[in-house]
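Single-structure report; data block below.
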Amino acid sequence: MMDIDEVFAAAVRTGTVLEINASPERLDLKSDHVRRAMELGVVFAVNSDSHRTHQFDNMRFGIQTAKRGWVTSSRFINTLNYPELEAFLKLPKSDRYQFIYSRG
């Protein structure tokens, strides 16, 4: 059995951003996992998983999953403006956690 807490702790340690996939066929991560990951300090990205323009509307499913997991907007790289995102991506992964938490 997978130790989900260790997976999330490793994501925090390594500065790995976890994806909330908004495709109705996928919906990875599940809201209970998102909530636990949030508690452990994980940073997220919501992805529509769009392959056609009409699928952009799927983003609402990912946002709903994030809301059920109590994710705050400051924990999404989606909420960074372009200069912030560029700076975040240039950082060594080990420094990304501090970058997100220095934003407030």
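Couplings 3J(HN,Hα) for segment 85-96, derived from phi with the Karplus relation 6.51 cos²θ - 1.76 cosθ + 1.60 (θ = phi - 60°), are 4, 4, 5, 4, 5, 7, 5, x, 3, 5, 9, 5 Hz, where x marks Gly and Pro. Taking every DSSP helix (H) stretch of at least 4 residues in the chain, weighting each as -39,500 (n - 2.57) and dividing the sum by the residue count yields a mean residue ellipticity at 222 nm of -14000 deg cm²/dmol.
Here r is the Cβ-Cβ distance between VAL7 and LEU85 and R0 is 35 Å; the resulting FRET efficiency, rounded to 0.05, is 0.90. Cross-link partners for LYS67 among the lysines, with Cα-Cα distance under 21 Å and sequence neighbours closer than 8 places in the same chain left out: LYS30. Summarised in one figure, the compactness ratio Rg/Rh of segment 4-102, Cα atoms and Kirkwood Rh, is 0.97.
Each value in this text was obtained by applying a stated rule to the coordinates, not by laboratory testing. Since the model is a prediction, treat every value here as computed from it, not as a measurement. All Cβ positions, even for glycine, are placed from backbone atoms using ideal geometry, and neighbour counts span all protein chains on display.
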